[in-house]
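See structure below.
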Ligand code: DGT
Ligand code: CA
Ligand code: CA
Ligand code: ZN
């Protein structure tokens, strides 16, 4: 079994346990293990066979999960999953993907209406049978009908960028082992850092295309051959993703890399700019257009003027190199032409992380473990923001437990300072919930004592647009609130954003000086690119946060940075690129 197979098994177990109403922490352990494994580059089999290492060395894999991985590697099956599948109908897995359908509702649909597919559910809604089931009603039925397209859409079968990235890294490492390969690079939507990736495009510089293509087919993760030509081939890779490989010669590498990075819209605009300059661009190079044989005929392709590097290609049409993240066919060519390209924020610019959880609520690591991991990652400040009391499922903190945690943080900061090097400052924070009826789940008198307050909306996501917008705008206007967490609530491939007037939210944030979050979790990436760009334009500062629920949760920071880059954001636009002193001045209350 490959890592992706094992990851899929654990994900499936998590869904089915959730359906059974299983313990949240157990569900999360499987879910997190699935995530970790899906983005691991090394195979579990090789970790296991290495006598110097153990499966339990992997973050988030304890003795129990390690045993399950061994069973899967040995037998290809997991008795726990077999048990669950025997008890739970297969359709449950699909129905739980419909936004708004939790385990309880799915159970009712299966038990009462014998729904056995998404199509059957759609049919039942149209015939008005769903509204009569206990706990449903007209509104829920309409919502299901509206959301079912989301669950059925093939658009939502695309890999998350982080999942694609794990495959790309592994694949490039393999291709670079081939002696015939001079250079191997990723292209397409992966290189542009899109939220999701449809297929993986890679490009190789070599004179021996046959040997390179054979090498790809010899990769242990390589599945079916889909197509094979002289210089291009397509195969199935891990998780069924298509991999397109192109082999080009050295003199064309830059133009091919530019071409296959896309986007298509960007390339169309670049080509038209080339035409205006009597040039033509394709994947082989940039060529001068020379007059045809006679006066009436079209110009023909002349000598190559560029092709070896991307810089050369852009220079040939009078432009500086354009970062892949903004090659989407917006205004990037105009900006480049006027020498106004933004200097995009980088991961090195980020100094602190201002949203994370510990074992006090639904995190997996203790306060001390999170702080140590943050120091290892070179952060100079972090805010601990466990859930407020409304999130009962995650043992949300009431005022008393919160004060206890803050006491612990004070002692921790003191002892860090005593060590003399004080490598990090831990801020006393909280993630308060924006309540269904409006207001927050902890009183202002408590929040006033916090260094940092994230306000997020987790409940009442089906309320009408005006109601949700009002709840969020009121939170923005609360002087205690520093930032709005994951402002639209969407989960990529799983759940659309709640209805909210983002224009009003951005305007209110600009006026109040409240920050908006770019949540770096690869399922969230919330704000999305257009919203983040609009926030910048309105003068709102953004915060890139990991929302880590474990020490490895910090690793998603790069996904948030990519999102910010795609929105054209610079260091200046991101509050947590500041030193702690500068950040304090930027926070509206200034009471840090
Ligand atoms: P994806 O795979 O759906 O996530 O998105 P991309 O952008 O990776 O698209 P893909 O794999 O179809 O093509 C990779 C790049 O190759 C694309 O961004 C631009 C270039 N390309 C592919 N087909 C065409 C085409 O017909 N015309 C032009 N101008 N460029 C193309
Ligand atoms: Ca692609
Ligand atoms: Ca492709
Ligand atoms: Zn959170």
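The values are calculated or read from the model by the stated rules, or taken from the named source; none is laboratory data. Everything quoted here is computed from the prediction, not taken from an experiment. Note that we place each Cβ from the backbone using ideal geometry, even for glycine, and neighbour counts take in every protein chain shown.
Among residues that are loosely packed, with under 11 Cβ neighbours inside 10 Å and either under 17 Å from residue 14 (Cα atoms) or in contact with a helix residue (DSSP H, G or I) (Cβ under 9 Å, 6 or more places away or on another chain) (or both), residue 79 is included. For the range 214-224, does any single residue satisfy the condition of being within 30 Å of residue 333 (Cα to Cα), crowded, with 16+ Cβ neighbours inside 10 Å, in contact with a strand residue (DSSP E or B) (Cβ under 6 Å, 6 or more places away or on another chain) and modelled with pLDDT under 95? No, because not a single residue in the range 214-224 is within 30 Å of residue 333 (Cα to Cα), crowded, with 16+ Cβ neighbours inside 10 Å, in contact with a strand residue (DSSP E or B) (Cβ under 6 Å, 6 or more places away or on another chain) and modelled with pLDDT under 95.
Scanning the range 173-198 for residues that are under 23 Å from residue 39 (Cα atoms) and surrounded by fewer than 17 Cβ atoms within 10 Å (Cβ to Cβ), we see that the one that is nearest to ligand 4 (Cβ to nearest atom) is 173. Within the range 549-569, the set of residues being more than 10 Å from the chain's Cα centre (by Cα), within 18 Å of residue 166 (Cβ to Cβ) and either within 13 Å of ligand 4 (Cβ to nearest atom) or outside the structural domain of residue 356 (by TED's automatic domain parsing) (or both) comprises 550, 553.
For (1) surrounded by 21 or more Cβ atoms within 10 Å (Cβ to Cβ); (2) assigned by TED's automatic domain parsing to the domain that holds residue 572; (3) not in a strand (DSSP E or B), each residue gets a yes or a no:
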{"position": "499", "(1), (2), (3)": "no, yes, yes"}
{"position": "505", "(1), (2), (3)": "yes, yes, yes"}
{"position": "509", "(1), (2), (3)": "yes, yes, yes"}
{"position": "524", "(1), (2), (3)": "yes, yes, yes"}
{"position": "530", "(1), (2), (3)": "no, yes, yes"}
{"position": "533", "(1), (2), (3)": "no, yes, yes"}
{"position": "544", "(1), (2), (3)": "yes, yes, no"}
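Applying the criterion of at least 2 residues that are farther than 30 Å from residue 183 by Cβ to the helices (runs of 4 or more DSSP H) found wholly in the range 294-404 leaves 367-376.
Taken over the range 183-233, the criterion of being under 30 Å from residue 528 (Cα atoms), assigned to a strand (DSSP E or B) and either free of Cβ contacts under 8 Å to residues at least 40 places away in the same chain or over 30 Å from the mean Cα position of the chain (by Cα) (or both) is satisfied by 186 alone. Do we find that residue 332 is buried (at least 17 other Cβ atoms within 10 Å of the Cβ), closer than 30 Å to residue 424 by Cβ and not assigned by TED's automatic domain parsing to the domain that holds residue 398 in this structure? For residue 332, the condition - buried (at least 17 other Cβ atoms within 10 Å of the Cβ), closer than 30 Å to residue 424 by Cβ and not assigned by TED's automatic domain parsing to the domain that holds residue 398 - is not met.
If you go through the range 88-103 and keep only what is without any contact (Cβ under 8 Å) to a residue 60 or more places away in the chain and either in a loop (DSSP other than H, G, I, E, B) or surrounded by fewer than 15 Cβ atoms within 10 Å (Cβ to Cβ) (or both), you end up with 89, 90, 98, 101, 102.
From 307, 262, which residue is modelled with pLDDT under 95, crowded, with 16+ Cβ neighbours inside 10 Å and at positive phi? Answer to the selection: 307.
Looking only at residues of the range 185-216 that are away from ligand 1 (no atom under 16 Å from the Cβ) and in contact with a helix residue (DSSP H, G or I) (Cβ under 6 Å, 6 or more places away or on another chain), we find that the one that is nearest to residue 283 (Cα to Cα) is 205.
A quick yes/no check of all residues on (1) out of contact with any strand residue (DSSP E or B) (no Cβ under 7 Å at 6 or more places or on another chain); (2) closer than 30 Å to residue 464 by Cα:
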| position | (1), (2) |
| --- | --- |
| 498 | yes, yes |
| 504 | yes, yes |
| 511 | yes, yes |
| 514 | no, yes |
| 529 | yes, yes |
| 571 | yes, no |
| 577 | yes, no |
| 581 | yes, no |
